[in-house]
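Chemist: Questions regarding the structure given below will be posed in turn.
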Amino acid sequence: MPRGIRPMLATAGKPFDSPRHRFEVKWDGIRALAYLEHADFWLETRNLKPALPRFPELEALKESIAARSAILDGEIVVLGDDGSPDFDLVRSRNAQQSPHAILAASRATPAIYIAFDALYRDGKALFDQPLAARLEQLEAIVRPGERILLSQGVVGAGKAYFQAAAARNLEGVVGKDLESPYLPGVRSPHWIKVRNVKQADCVIGGFVPKGSTLIKSLILGLYDRHGHLHYIGHVGTGFTEKENALLRSALAALETRVAPFAVIPAEARRGATWVEPRLVCTVEYLTLTAAGHLRHPTFRRLRADKEPEACLLTSELEERSAHV
């Protein structure tokens, strides 16, 4: 049985309809391959790290795999109070170190495994089979239970499926070509991920320098109704090298010794250079963390047509961030 398989990855795209594609939820968790070889069972992350030490409750899912040997592809998720995947919870689980903390977390916030592909079954590799055939094998192998579920999907109606996922504030969807093989470690156009991306106009309150002419990241904030600037995260991707240099030059003229934020986490202060909050930029982001900070933000552009005071917590972000 093959081992050390790196999962197939998706390319980015926009919502689309296609009778050749199956559309599934893009689960907001930790990608992992599940291996069963007779009595041995283990989970490996996309970086080939063992996952069971952090998620010991998932060893029970081997009882739901009806095969002598099998390899499944899927996602480790932890559900929040609303029944949706909560990345903060699964990330917290994955960061636990002590056996006592891991055991306590496995009882308080147990994980489940969402299986969405079958790569091997009882001596036969399935990589070259089309997705439609692999899904039939997956349904034959997996008996859904408390710790393992099958990812559901629809064929054809990708736009409507994406809108339904976005309405539930899910991360997005993945459209998979039903005739496509499984290509380990390849970011393939056979799988197209469509993320539920949001936008916000944010105030630049500082930056982390990169050398003497560039920036590593911008430090962002939004105002509350009392005029206090609240920290909402760093953004370090999305700008070109030219934009990066221009931003550093513009911010250099605004440098100040006083942080403009009402409160800022200690870890967010590391390496910071503060600036007067005069510039506004538009960023894209997926969702908010439990602390109300931007998750996976990407810089899009500066906005010279918007005053910083118009960038408000209650209008730019989801309502829950206004209470942070």
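The values are calculated or read from the model by the stated rules, or taken from the named source; none is laboratory data. Please read all numbers here as calculations on a predicted model, not as lab measurements. When we count neighbours, we look across all protein chains shown, and the Cβ atoms used for this are built from the backbone with ideal geometry, even at glycine. Heavy atoms of the whole protein, side chains included, go into the accessibility calculation; ligands, DNA and RNA do not. Shrake-Rupley method; radii C 1.70, N 1.55, O 1.52, S 1.80 Å.
Chemist: What are the residues whose amide H is under 5 Å from the amide H of I232, where those residues sit 5 or more places off or on another chain and H is modelled from the backbone?
Modeler: Hits under the 5 Å cutoff: L220, G221, L222.
Chemist: Can you tell me the dipole magnitude for segment 158-266 around its Cα centre, using point charges on the Cβ only (Lys, Arg +1; Asp, Glu -1), in Debye to the nearest 20?
Modeler: It works out to roughly 80 debye.
Chemist: Let me ask another. If you add up the charges near S217, with Lys and Arg at +1 and Asp and Glu at -1, over every other residue whose beta carbon is less than 13 angstrom from its beta carbon, what do you get?
Modeler: The answer is +4.
Chemist: Show the residues, 5+ positions off or on another chain, whose built amide H is closer than 5 Å to the amide H of R301.
Modeler: Sorted by chain and number, the residues that satisfy this are T282.
Chemist: Under 8 Å for C-alpha pairs, at least 6 residues apart: give me the relative contact order for segment 130-239, rounded to a whole percent.
Modeler: 17 percent
Chemist: Let me ask something additional. Using Cα pairs under 8 angstrom and six or more residues apart, how large is the relative contact order of the chain, in percent?
Modeler: 18 percent
Chemist: Shifting gears a bit: In sequence order, what are the phi-derived ³J(HN,Hα) couplings for segment 257-273 according to the Karplus relation 6.51 cos²θ - 1.76 cosθ + 1.60 with θ = phi - 60°, rounded to whole Hz, with x for glycine and proline?
Modeler: Couplings: 7, 9, 5, x, 8, 5, 9, 9, x, 4, 5, 7, 7, 4, x, 6, 10 Hz.
Chemist: How big is segment 73-175 on each of its three principal axes, counting only the C-alpha atoms and giving the largest first in Å?
Modeler: Extents along the principal axes, in whole Å: 43, 40, 21.
Chemist: D117's amide H: which non-local residues (gap 5+, or another chain) put their own amide H closer than 5 Å, with H modeled 1.01 Å from N in plane and none for Pro or chain starts?
Modeler: Under 5 Å from the amide H of D117: D73.
Chemist: Shifting gears a bit: Roughly how tilted is helix 158-167, in degrees to the nearest 10 and between 0 and 90, from the longest Cα axis of the chain?
Modeler: For helix 158-167, the angle is close to 60 degrees.
Chemist: On full extension of the chain, what length is gained from L246 through F127, given 0.36 nm per residue of separation minus the C-alpha to C-alpha distance?
Modeler: 38.1 nm
Chemist: Next up: Ignoring ligands, DNA and RNA, what percent of the accessible area of the chain is carbon or sulfur (1.4 Å)?
Modeler: 52 percent
Chemist: Could I ask something else about it? Provide the gained length on full extension for the span A262 to L214, in nm with one decimal, where the gain is 0.36 nm per separating residue minus the Cα-Cα distance.
Modeler: 14.6 nm
Chemist: While we're looking at this one, here's another question. In whole Hz, with x marking every Gly and Pro, tabulate ³J(HN,Hα) for segment 79-89 from phi via Karplus 6.51 cos²θ - 1.76 cosθ + 1.60, θ = phi - 60°.
Modeler: Running phi through 6.51 cos²θ - 1.76 cosθ + 1.60 with θ = phi - 60° gives 8, x, 4, 8, x, 9, x, 10, 5, 4, 5 Hz.
Chemist: Averaged per residue, what accessible area in Å² does the chain show with a 1.4 Å probe, protein chains only?
Modeler: Heavy-atom SASA per residue in the chain reads 49 Å².
Chemist: Please give the length that would be gained between A157 and R303 if that part of the chain were fully extended, namely 0.36 nm times their separation in residues minus their C-alpha to C-alpha distance (nm, one decimal).
Modeler: 48.9 nm
Chemist: Could you sort 224-230, 205-211, 25-31 so that the peptide with the highest average Cβ count within 10 Å comes first and the rest follow in order?
Modeler: Ranked by mean Cβ neighbours within 10 Å, highest first: 25-31, 205-211, 224-230.
Chemist: Another question about this same structure. Among E75, E44, E146, determine the one that fluctuates most according to a GNM of the chain built with springs between C-alpha atoms less than 10 Å apart.
Modeler: So, out of E75, E44, E146, the one fluctuating most is E146.
Chemist: Taking the Cα centre as origin and putting +1 on Lys and Arg beta-carbons and -1 on Asp and Glu beta-carbons, what dipole magnitude results for the chain, to the nearest 20 debye?
Modeler: 720 debye
Chemist: Per-residue counts of other Cβ atoms within 10 Å, averaged by peptide: what ranking do you get for 255-267, 282-294, highest first?
Modeler: Those peptides, ordered most packed to least, come out 282-294, 255-267.
Chemist: Just going by the charge dipole of the chain, with Lys and Arg at +1 and Asp and Glu at -1 on Cβ, which of A268, L138, H21 is farthest out on the positive end?
Modeler: Value computed over the given set: A268.
Chemist: ³J(HN,Hα) across segment 116-125 via Karplus (A = 6.51, B = -1.76, C = 1.60, θ = phi - 60°), whole Hz, x for Gly/Pro?
Modeler: Listing the rounded values in order: 9, 7, 10, 10, 7, 8, 6, x, 10, 6 Hz.
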